[in-house]
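Structure first, commentary second.
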Amino acid sequence: MNSDSQPREELTAQEAKFSEAYAAHQAAGLNLDLTRGKPSIAQLDLASGLDGILDRNFELPDGTDVRGYGGLEGIPEARALGAELLRVRPQEVLAGGNSSLTFMYLYLMHAVFYGVTGDRRPWSETSGGPVFLCPVPGYDRHFAICEDLGIEMLNVPMTGNGPDMDVVEGIIEDDPRIKGMWCVPRYSNPSGESYDDTTVERIATMLDRTAPDFRLMWDDAYAVHAIAGAPAPLKDLMQLCRGKGGEHKVIQFASTSKITFAGGGIAFLAASEENLASFKRRLSVLTIGPDKVNQLRHVKFLNNIDGIKAHMRGHAKILRPKFECVESRLRENLGNRGMGTWTTPEGGYFVSFYTLPGLAKEVVRLAGDAGVKLTPAGAAFPYGEDPEDSHIRLAPSYPELEDVDKAMQVFVTCVALASVRQRLEAPT
Ligand SMILES: Cc1ncc(COP(=O)(O)O)c(C=O)c1O
C-alpha cells in the first residue's frame, strides 16, 4: 500500500495475504503481553545482591539504628544518593518509600487541599478549577493523578526534543488557571525523547512568567536508563532557575524502581528547602518515616551515581536486543510503506508507534484477538482520548526476547491488515 492510486485489485490481494497471515497468528494460540514497562526478571536479578547485604549491620555512622521509627526525610546517605541522581543539594531531597508516583500524588493532593509556598490558597479554590499542561503522548498514571484530583488537563504536543514550547508559552500567557505541567525530561514515557537544551532553557524562562503557585512536575524517572551509550545529557533545570524564584516552582522526582527492584526501591522527591518544609508538614501526618532498612541496603549496594551508572550498563545489555528486535521487525515490515511511523529510542522503556489516523484502536483490538495484549489505544493521552486515534505504546522490556519477536510479528501484521482494510473502505 503506497499511495491513493494503488489499484483496487492490488489492495484486495494484499488484504487476502495479510488476512491469511493474521489467521495463522490466531491459530497459534499465543498469550503475549507488551503492555506495561516493567523490568524483566533478568533485570531484577541484577539487584539480587541487595538481599543480605546489610549482614545485620543496621547502624548509621551517626548512631541511628535504621530498624527503628523516625527519620521522615530519609537517611542522610540515601538523600545524598538522590541528590547526586537529581543534581541538587542533599538537604533538598526526601528519600521515601518504594514509589515516586506516591510522592507525585501526595504533592499534588497537598497543593489541591492546602496550596503551596508562595500562595497558600488551595488549588481547589481556583476560579474555574486548576489546570495542568500535559505533553502528549505522556505517562497514563500522571494523567490519572490529575483526573483523580479534579485537575483539568490540556494537551501539548511533543516535538521529538520535548514539549512544543511555542504552544506552552502561548497557553501560559492566556490562562491564569494553569497550575502546573508534567515533564519526563529523559527518554520520555512513551516517546523515548529527551529534552534538548533549548527546551529546558525555555522552560526555565517560562517559569518566571508563571504565578507563584505554579509547579513543574519534573519526573526524571529514566535519568540513567540509556539503552545504547551514555545517558542523554540534560541541561540542569534547577541550576538554571536558582536565585530567580523559579527554583521554588520545580518539583523533581526519581526512583530506583527500574534500577533495583521495581516494587522495592527508593523514591526521591527534590525541591527547594521551603517547598520541602511545607510538604513535610503533610508527610508527618501520614507517616512516622520511610523504610530506612531498605534505604541503607540501597546505599550499600549502589554506593553513588557512578555505581548506579555501572549497574545500569547491565540493564542496557538486557534491554538492547529487545529494542533492536522491535525496530528491525517494524523496519522490515512497515518501513516506507505508508502504514505508520515510530520512534527509535536510545533509552527508557517504550517505543511509540503511530498508525494511520483512526486505526490505533483497531490495531490493538486485532492484536488482542490474536493473543497479543497491547496498552489500550489512547492510554497515553489525558482522559484516554487520542484525538487522532493513532498512538500505540509498545513496551518490550518484560517478555523474553523470543516473545518480543513473536509479538512484533503479530503487531506488524495487524498494522498492515488494518491499514489495507482502511484503504479498501475509503470512498473512491
Ligand atoms: C514516567 C514515569 N514516572 C514514574 C513511574 C513510576 O515510578 P515509581 O515506581 O517510582 O512509582 C513510571 C513507571 O513506569 C514512569 O514511567
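Report the full-extension gain for the segment A426 to I288: residue separation times 0.36 nm, less the Cα-Cα distance, to one decimal in nm.
43.5 nm
Rank the residues L302, L94 as a footprinting-exposure proxy: fewest other Cβ atoms within 10 Å of their Cβ go first.
Values: L302 24, L94 21.
Starting with the residue having the fewest Cβ neighbours, the order is L94, L302.
With the contact rule set at Cα under 8 Å and sequence spacing of 6 or more, what percent relative contact order holds for the range 60-303?
On the way: 439 pairs, mean separation 71.1, N = 244.
Relative CO of the range 60-303 lands at 29 percent.
From the phi angles alone, apply the Karplus equation (6.51, -1.76, 1.60; θ = phi - 60°) to the range 212-222 and give each ³J(HN,Hα) in whole Hz, x where the residue is Gly or Pro.
Running phi through 6.51 cos²θ - 1.76 cosθ + 1.60 with θ = phi - 60° gives x, 9, 6, 9, 8, 8, 9, 9, 8, 4, 10 Hz.
For the chain, what does the helix formula give at 222 nm: sum of -39500 (n - 2.57) over DSSP H segments with n ≥ 4, over the residue count, nearest 500 deg cm²/dmol? Provide the component values of the computation, followed by the final result.
Working: 13 runs with 177 residues, N = 428.
Result for the chain: -13500 deg cm²/dmol, rounded to the nearest 500.
Return the whole-Å distance between the Cα centroid of the range 231-287 and the Cα centroid of the range 85-107.
Cα centroid of the range 231-287 versus Cα centroid of the range 85-107: 4 Å apart.
Order these by the 10 Å Cβ neighbour count, fewest first: Y139, Y383. Provide the component values of the computation, followed by the final result.
Values: Y139 24, Y383 13.
By the 10 Å Cβ count, ascending: Y383, Y139.
Rank-order 36-43, 344-351 by packing density, defined as the average count of other C-beta atoms within 10 Å over each peptide's residues, highest first.
Numbers: 36-43: 17.2, 344-351: 23.5.
Most protected by this proxy first, the peptides run 344-351, 36-43.
Amide H of V156 versus every other amide H placed in the peptide plane: which residues, excluding those fewer than 5 positions away on the same chain, fall under 5 Å?
Hits under the 5 Å cutoff: C134, V136.
Using just the alpha carbons, could you tell me how many Å³ per residue the convex hull of the chain encloses? Don't jump to the answer; show the numbers that get you there.
Working: hull volume 61.7 nm³, N = 428.
Taking the convex hull of the Cα positions in the chain, it is 144 Å³ per residue.
Using a basic spin-label model with each label point 7 Å from the Cα along Cα→Cβ, how many nm lie between E273 and R87?
Those two pseudo-labels are separated by 2.2 nm.
Taking 0.36 nm per residue of sequence separation and subtracting the Cα-Cα distance, how much length would be gained by fully extending the chain between M109 and Q239, in nm to one decimal? Could you put the intermediate results ahead of the total?
Details: separation 130, 0.36 × 130 = 46.80 nm, distance 2.66 nm.
Taking 0.36 nm per residue and subtracting the Cα distance, the gain is 44.1 nm.
For the modelled label position 7 Å from the Cα of Y383 along Cα-to-Cβ, which residues of the range 115-154 have backbone nitrogen atoms closer than 11 Å?
152-154
So who's got an amide H within less than 5 Å of the one on W342, skipping anything under 5 residues away but keeping other chains? H placed 1.01 Å off N, in plane.
Amide H to amide H, under 5 Å and 5 or more residues apart or across chains, W342 pairs with Y354.
Given the range 60-303, what count of lysine pairs have C-alpha atoms under 24 Å apart, with each pair 8 or more places apart or on different chains?
Summing the qualifying lysine pairs gives 13.
Let me know the charge dipole size of the range 102-195 about its Cα centre in debye, to the nearest 20, where only the beta-carbon of Lys, Arg (+1) and Asp, Glu (-1) is charged. Intermediate values should be presented prior to the final figure.
Details: 6 positive and 13 negative charges, 83 e Å.
That gives the range 102-195 a dipole magnitude of about 400 debye.
Every read-out reported here was derived from the displayed coordinates using simple, explicitly stated rules and does not represent laboratory data. As the structure is a prediction and not an experimental result, all values here were calculated from the model. Here Cβ is always computed from backbone atoms with ideal geometry, including for glycine, and neighbour counts include all displayed protein chains.
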